[in-house]
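Structure, as structure tokens:
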Amino acid sequence: MNPAPAADLLITNAYLVLESQPASAAERAGGITDVESAQDAGREIDGGWLAIAAGQVHSAGRMGQPMPEAARTLDAGGRLVTPGLVNTHHHMYQNLTRAYAPAVNGTLFQWLTTLYPKWARLDQESVYLSTYVAAAELLTGGCTTSSDHMYVHPVPELIDAQFQAVSDIGFRFMANRGSMTRSVEDGGLPPKEVVQDEDTILADSERLIKTYHDSSPGAMTRVALAPCSMFSVSESIMRSTAELAEHHDVRLHTHLAEDTDEDDYALEVYGCRPVEYFEDCGWATPRSWVAHYVYGSAAENARLAAAGVGATQCPSSNMIICGNAADAKTLRSLGMSVGIGCDGSASADSADLWLETRTALLLGRFRHGPDSFTAREALNMATQGSAANLGWADEIGHLNPGACADLVIWSSAPLSQTGVLTDPVEGWLRSGPARAHTVFVNGVERLSQGQLQLPGLEDAVLGHREAAAAMQN
Ligand SMILES: [Zn+2]
């Protein structure tokens, strides 16, 4: 007998989703369902095991097939196991101003101008607490990697506080160094307390990349550069940020085509449409992914897809504050990578990737009909689509050998899952709400039997309450 390689952990008795893909058009035409296709191709294993070693997926197989020796075995009890969900657009600091009454009825621009003066009170302590709470909240919804677009900088080193929080939690994180240069005085939306000059932004971007960007496999921290939007930054910072990202080989992110007000603004200020301006600034590259992308024209969709730009659909936020959402089905059919984001805590007012994934499923079917979009396509957006947004598709968003050991064992809710017999993935997304039962990030258990394993959580929640009260009062 060959001695099997040692693993740190062996998860047994699981319904394993190694990667989420629907059946092909040809399979469907032949009457093959998504679940049959996935099992036939080995993308899903009913009654499977998965081994983890050194923070990576070591191997996977069917119960009964030889398993490696492991230091620990965890019986998944027949539950669904998926790759950890990946969040590609968020503003974590906004959980300090959730459901803020004076702003709940505004348009996007009214909402922003009401809240900017509150956000001008951010400091390192409140950013640490909001990031801690946000990452913990995301874990409970099955998210194991998040980006965060932090663009309000009334004081320096706020992103350093974010890295401290995610490192205290053990959460995989891509900071998006956001920026604003154009205050109300210069025709922008934010007050001057939260904008910065270009030299400060570029120097701090470079400092953050050098300090925190880890391009090596299995990295827990990466950095992307992310001017907030065309309303709030100068043309020169758009251009110089793209050059800096190229120089350091990091990702580029911004908001694009989120609201029809943007079309009027771009026409008035730049004499062109938002996407044309984006292209003109040198941003139409495979390095870029954009948040929202609701209002691109058919020709613009085709151009950005061909250029390799990715998009993040933010279902809840878009429906609450914009009245429309990215057409994920059409964008994906053009070859664009489309991920999922919960968006800022004060626009969506929630940060649950399962909820956003389910809403992406509903939006797809609502727009294109009941035969247009399935749970596996929505789950693909939240895993491989999101991982592609972050330029991280080699390692996260799937559970094939060599992937980061970021995974979720989902709770099998005794009532809502009763009667789900023929398709565990459709059942998981249609019948909910689903909660994470156990979550591993980098092979470490951060949530066990529905409980977060975070010693600092209670203090963080208490501190967050005080910081939110101070900001909102
Ligand atoms: Zn946003």
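The values are calculated or read from the model by the stated rules, or taken from the named source; none is laboratory data. Bear in mind the structure is a predicted one, so any value in this text is a computation, not a measurement. In this analysis, Cβ positions are derived from the backbone assuming ideal geometry, glycine residues included, and neighbour counts consider all displayed protein chains. Only protein heavy atoms, including side chains, enter the accessible area calculation; ligands, DNA and RNA are left aside. Shrake-Rupley method; radii C 1.70, N 1.55, O 1.52, S 1.80 Å.
Do we find a residue being open to solvent by less than 10 Å² (accessible area, probe 1.4 Å), more than 16 Å from the ligand (Cβ to nearest atom) and either modelled with pLDDT of 95 or more or more than 14 Å from Asn389 (Cβ to Cβ) (or both) anywhere in segment 216-230? The answer is yes; a qualifying residue exists.
Restricting the search to strands (runs of 3 or more DSSP E) fully inside segment 11-107 and requiring at least 2 residues that are surrounded by 21 or more Cβ atoms within 10 Å (Cβ to Cβ) and in contact (Cβ under 8 Å) with a residue 12 or more places away in the chain gives 44-53, 56-62, 80-83, 85-87.
One residue stands out among those in segment 348-358 that are within 16 Å of the ligand (Cβ to nearest atom) and buried (at least 23 other Cβ atoms within 10 Å of the Cβ): the one that is farthest from Val408 (Cα to Cα), which is Ala348. Just one residue in the set Ser146, Ser130 is of a type in the set (Gly, Ala, Ser), under 20 Å from Trp354 (Cα atoms) and within 16 Å of the ligand (Cβ to nearest atom); that residue is Ser146. Among the residues of segment 233-242, is any within 21 Å of the chain's Cα centre (by Cα), of a type in the set (Ser, Thr, Tyr) and crowded, with 21+ Cβ neighbours inside 10 Å? The answer is no; no qualifying residue exists.
Condition check: at pLDDT 95 or above and more than 30 Å from Thr97 (Cα to Cα). Does Asn389 satisfy that? Spelling it out, it is not the case that Asn389 is at pLDDT 95 or above and more than 30 Å from Thr97 (Cα to Cα). The C-beta contact set for segment 223-238 (first residue within 19 Å of His91 (Cβ to Cβ), second residue in a helix (DSSP H, G or I) and aliphatic (A, V, I, L, M), distance under 6 angstrom, 6+ apart or interchain) comprises Val223/Leu208; Val223/Ile209; Leu225/Ala245; Pro227/Ile237; Pro227/Met238. Looking at this structure, is Ala291 within 27 Å of Lys192 (Cβ to Cβ) and touching a residue at least 60 places away in the same chain (Cβ under 8 Å)? Yes: the conditions hold for Ala291. Screening Glu395 on (1) open to solvent by less than 40 Å² (accessible area, probe 1.4 Å); (2) more than 21 Å from the chain's Cα centre (by Cα); (3) modelled with pLDDT of 95 or more shows it passes everything except condition (2). Taking the conditions exactly as written (open to solvent by less than 40 Å² (accessible area, probe 1.4 Å), away from the ligand (no atom under 15 Å from the Cβ), closer than 26 Å to Ile340 by Cβ and free of Cβ contacts under 8 Å to residues at least 60 places away in the same chain), does Val152 satisfy them or not? No; evaluated as a whole, the condition is false for this residue. Condition check for Thr131 on (1) open to solvent by 60 Å² or more (accessible area, probe 1.4 Å); (2) at negative phi: one failure, at (1). With respect to being touching a strand residue (DSSP E or B) at 6+ places or on another chain (Cβ under 8 Å), among the aromatic types (Phe, Trp, Tyr) and open to solvent by less than 20 Å² (accessible area, probe 1.4 Å), Tyr212 falls outside the description. In this structure, is Asp423 away from the ligand (no atom under 16 Å from the Cβ), surrounded by 21 or more Cβ atoms within 10 Å (Cβ to Cβ) and charged (D, E, K, R)? It is false that Asp423 is away from the ligand (no atom under 16 Å from the Cβ), surrounded by 21 or more Cβ atoms within 10 Å (Cβ to Cβ) and charged (D, E, K, R).
Among the numbered conditions (1) more than 30 Å from Gly55 (Cα to Cα); (2) open to solvent by less than 20 Å² (accessible area, probe 1.4 Å), the only one that Glu198 does not meet is (2). For segment 112-164, a residue qualifies if it is hydroxyl-bearing (Ser, Thr, Tyr), over 23 Å from the mean Cα position of the chain (by Cα) and more than 18 Å from Asp349 (Cβ to Cβ), and exactly one does: Thr113.
Restricting attention to segment 296-346 and to residues that are within 27 Å of Phe173 (Cα to Cα) and hydroxyl-bearing (Ser, Thr, Tyr), the residue that is surrounded by the most Cβ atoms within 10 Å (Cβ to Cβ) turns out to be Thr312. Of all residues in segment 235-264, those satisfying the criterion of being within 18 Å of Val309 (Cα to Cα), away from the ligand (no atom under 15 Å from the Cβ) and β-branched (Val, Ile, Thr) are Thr241, Val250.
To keep it simple, each residue is scored yes or no on (1) in contact with a His (Cβ under 6 Å, 6 or more places away or on another chain); (2) farther than 21 Å from Arg239 by Cα.
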site: Cys281; (1), (2): no, no
site: Val294; (1), (2): no, yes
site: Gly308; (1), (2): no, no
site: Ile321; (1), (2): no, yes
site: Lys329; (1), (2): yes, yes
site: Gly335; (1), (2): no, yes
site: Ala375; (1), (2): no, yes
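For (1) touching a residue at least 60 places away in the same chain (Cβ under 8 Å); (2) in contact with a strand residue (DSSP E or B) (Cβ under 9 Å, 6 or more places away or on another chain), each residue gets a yes or a no:
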| residue | (1), (2) |
| --- | --- |
| Ser386 | yes, yes |
| Ala393 | no, no |
| Gly427 | no, yes |
| Thr438 | yes, yes |
| Ser448 | no, yes |
| Gln451 | no, no |
| Glu458 | no, no |
| Val461 | yes, no |
| Ala468 | yes, no |
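Which one of Ala291, Ala284 is closer than 22 Å to Arg177 by Cβ and touching a Cys at 6+ places or on another chain (Cβ under 7 Å)? Sole residue among the options that is closer than 22 Å to Arg177 by Cβ and touching a Cys at 6+ places or on another chain (Cβ under 7 Å): Ala291.
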